[in-house]
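Reviewing the structure listed below.
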Amino acid sequence: MFFNQYFEKLFKQLEQNIPHDELVKFSDMDYRNISQCHFGLGLYIRNEFLTEDSELYNFFIRCGVMGKDDMSSILVRNFYLYENEKKFISNQ
């Protein structure tokens with residue numbers, strides 16, 4: 001799976017900042033329930049990483065994604081896929 005440089009930079013920071021047991025819970029959850037992370041992880045991402053002067057925020061603006069809620073939702077869903085891809089690869 002392809003994750004652009006801005007996503008990967010954020011994902012590495014999230015992995016460092018989120019306790020391991022929380023990361024495991026997150027990656028083990030059913031993808032259909034990912035919206036439950038909107039006010040937890042999504043809010044954290046919006047407040048900490050989507051400032052109007054950040055490269056990540058401006059990347060989304062250039063792509064036509066204007067709302068921070070939409071941006072954080074995309075990031076949460078892709079972070080979930082990123083974490084599960086790593087799990088899949090390590091289990092092969």
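The values are calculated or read from the model by the stated rules, or taken from the named source; none is laboratory data. Since we're looking at a predicted model, the values are computed, not measured. Because the Cβ atoms are built from the backbone with ideal geometry, glycine has one as well, and the counts that use them run over all protein chains shown.
Laid out as a table, the results:
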{"item": "Residue check for Leu56: touching a Ser or Thr at 6+ places or on another chain (Cβ under 8 Å) and on the phi < 0 side of the Ramachandran plot", "result": "no"}
{"item": "Residues that are touching a Lys or Arg at 6+ places or on another chain (Cβ under 9 Å) and touching a residue at least 40 places away in the same chain (Cβ under 8 Å), drawn from the stretch 53-74", "result": "Glu55, Leu56"}
{"item": "Residue check, Lys68 farther than 12 Å from Phe7 by Cα, more than 12 Å from the chain's Cα centre (by Cα) and surrounded by 15 or more Cβ atoms within 10 Å (Cβ to Cβ)", "result": "yes"}
{"item": "In the stretch 76-92, residue nearest to Lys25 (Cα to Cα) [restricted to those that are aromatic (Phe, Trp, Tyr) and modelled with pLDDT of 90 or more]", "result": "Tyr80"}
{"item": "Enumeration of residues in the stretch 10-45 that are under 12 Å from the mean Cα position of the chain (by Cα) and hydrophobic (A, V, I, L, M, F, W, C)", "result": "Leu10, Phe11, Leu14, Ile18, Leu23, Phe26, Ile34, Cys37, Leu41, Leu43, Ile45"}
{"item": "Positions within the stretch 51-75 being closer than 13 Å to Phe11 by Cβ and either part of a loop (DSSP other than H, G, I, E, B) or modelled with pLDDT under 95 (or both), in sequence order", "result": "Leu56"}
